[in-house]
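One structure below.
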Amino acid sequence: MSEPKPSVTDAGVATLRPPPRHVAIIMDGNGRWAKARGLPRAMGHKEGVEALRRAVEASRDLGLSHLSVYAFSTENWNRPQQEIDALFDLLRLFVKRDLARLHRDGVRIRIIGSRDGLNEDILGLIDEAMNLTKANTKLTLNIAFNYGGRGEIVAAVKQIVEAVQAGRLNPTEIDEAMISRMIWTADSPDPDLVIRTSGELRLSNFLLWSGAYAELMFMDLWWPDFNKESLEKAIDAFRRRDRRFGGLGS
Ligand code: FPP
């Protein structure tokens with residue numbers, strides 16, 4: 001049995017992988033950050049938005065083309081109404097306060113997830129942010145809001161079944177590439193790296209389809225403490241990992 005070749009150049013220097021193009025982040029630990037300071041959970045989420053601003057800026061500086069963040073999962077509807085309201089208010093505030101600057105900085109905003117159950121005003125803000133920034137090319141920011149990875153796959157399956165029933169699609173044509181074109185993140189490359197802060201070791205229904213081959217990184221800090229250095233560290237560790245996509249490597 002042949003050994004996979006180590007990633008080492010002739011000179012004996014470890015070969016670094018290219019940097020990730022698309023980083024996705026499960027922004028976890030806002031509540032614990034707040035609790036540790038005797039503050040209400042909503043304050044943790046507010047600080048979480050500051051960390052998000054830093055992450056967007058750092059992503060641009062570090063040359064990422066796509067950043068995806070998990071801001072509100074379909075499971076988050078199970079939280080107390082007060083906390084749900086606080087998260088919705090933060091999305092409103094984020095779009096209202098940051099949209100013009102993000103647009104100026106060349107950020108394309110995509111809000112991914114289900115529209116079901118969202119108020120008209122939120123849907124209006126989502127459409128405004130996506131329409132205004134749709135031609136920007138510096139960085140795509142996917143904000144997963146009312147998002148669930150299984151729901152994303154179900155929505156794609158429904159579209160496919162409708163197309164088959166309408167006679168527009170032959171079932172033999174259904175393949176992985178077709179599903180990739182129908183999921184909510186269809187216009188982003190698959191994430192290379194998924195980071196979760198707060199030390200929890202779960203995907204929690206995030207990017208289940210597109211993240212199939214992503215490197216996973218679990219960082220031992222609460223999301224409000226995340227900064228440019230944290231992202232640099234994650235990218236650096238990613239570049240040192242050996243990636244084989246199920247093969248034996250180069
Ligand atoms: C998980 O922390 C975080 C969330 C459920 C929400 C993440 C949201 C933000 C960072 C701000 C929202 C940003 C926008 C643009 C709407 P947790 O509450 O589960 O923390 P815990 O596990 O410590 O309790």
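State all residues of the stretch 37-57 that are in a helix (DSSP H, G or I), among the small types (Gly, Ala, Ser) and either surrounded by 21 or more Cβ atoms within 10 Å (Cβ to Cβ) or without any contact (Cβ under 8 Å) to a residue 40 or more places away in the chain (or both); if no residue qualifies, say none.
Within the stretch 37-57, Gly44, Gly48, Ala51, Ala55 qualify.
I'd like the full set of residues that are part of a loop (DSSP other than H, G, I, E, B) and over 19 Å from Glu176 (Cβ atoms), limited to the stretch 207-233.
Within the stretch 207-233, Asp220, Leu221, Trp222, Phe226, Asn227 qualify.
Any residue in the stretch 150-173 that is crowded, with 17+ Cβ neighbours inside 10 Å and in a loop (DSSP other than H, G, I, E, B)?
Looking for residues that are crowded, with 17+ Cβ neighbours inside 10 Å and in a loop (DSSP other than H, G, I, E, B), one finds none in the stretch 150-173, hence no.
Residues Asn131, Asn136, Asn76: which one is under 19 Å from the mean Cα position of the chain (by Cα), assigned to a helix (DSSP H, G or I) and not charged (D, E, K, R)?
On inspection, the qualifying residue turns out to be Asn76.
Do we find a residue being touching a Pro at 6+ places or on another chain (Cβ under 8 Å), within 24 Å of Leu207 (Cβ to Cβ) and at pLDDT 95 or above anywhere in the stretch 67-79?
yes
Looking only at the stretch 187-198, filter to residues that are modelled with pLDDT of 95 or more and in a loop (DSSP other than H, G, I, E, B); which one of those is surrounded by the fewest Cβ atoms within 10 Å (Cβ to Cβ)?
Pro189
Out of curiosity, is Asn227 touching a residue at least 40 places away in the same chain (Cβ under 8 Å), in contact with a helix residue (DSSP H, G or I) (Cβ under 8 Å, 6 or more places away or on another chain) and over 30 Å from Val154 (Cα atoms)?
Considered against the rule, which asks whether it is touching a residue at least 40 places away in the same chain (Cβ under 8 Å), in contact with a helix residue (DSSP H, G or I) (Cβ under 8 Å, 6 or more places away or on another chain) and over 30 Å from Val154 (Cα atoms), Asn227 comes out as yes.
Please tell me if Glu75 is in contact (Cβ under 8 Å) with a residue 40 or more places away in the chain and under 21 Å from Ser188 (Cα atoms).
Numbers: in contact (Cβ under 8 Å) with a residue 40 or more places away in the chain: yes; under 21 Å from Ser188 (Cα atoms): no.
It is false that Glu75 is in contact (Cβ under 8 Å) with a residue 40 or more places away in the chain and under 21 Å from Ser188 (Cα atoms).
Hey, can you tell me all the residues within the stretch 97-131 that are of a type in the set (Lys, Arg) and either in contact with a Phe, Trp or Tyr (Cβ under 6 Å, 6 or more places away or on another chain) or away from the ligand (no atom under 11 Å from the Cβ) (or both)? Working first, answer last.
First, the residues of the stretch 97-131 that are of a type in the set (Lys, Arg): 97, 101, 104, 108, 110, 115.
Hits for the stretch 97-131 are Arg101, Arg104, Arg108, Arg110, Arg115.
I'm trying to understand the selection: among the residues of the stretch 94-111, which are within 12 Å of Thr137 (Cβ to Cβ) and in contact with a strand residue (DSSP E or B) (Cβ under 6 Å, 6 or more places away or on another chain)?
Answer for the stretch 94-111, where residues must be within 12 Å of Thr137 (Cβ to Cβ) and in contact with a strand residue (DSSP E or B) (Cβ under 6 Å, 6 or more places away or on another chain): Val107, Arg108.
Considering only the stretch 89-106, state which residues are surrounded by fewer than 17 Cβ atoms within 10 Å (Cβ to Cβ) and part of a helix (DSSP H, G or I).
Asp89, Arg92, Leu93, Lys96, Arg97, Ala100, Arg101, His103, Arg104
The values are calculated or read from the model by the stated rules, or taken from the named source; none is laboratory data. Source: prediction; values computed, not measured. Positions of Cβ are generated from backbone atoms using ideal geometry, with glycine treated the same way; all protein chains shown enter the neighbour counts.
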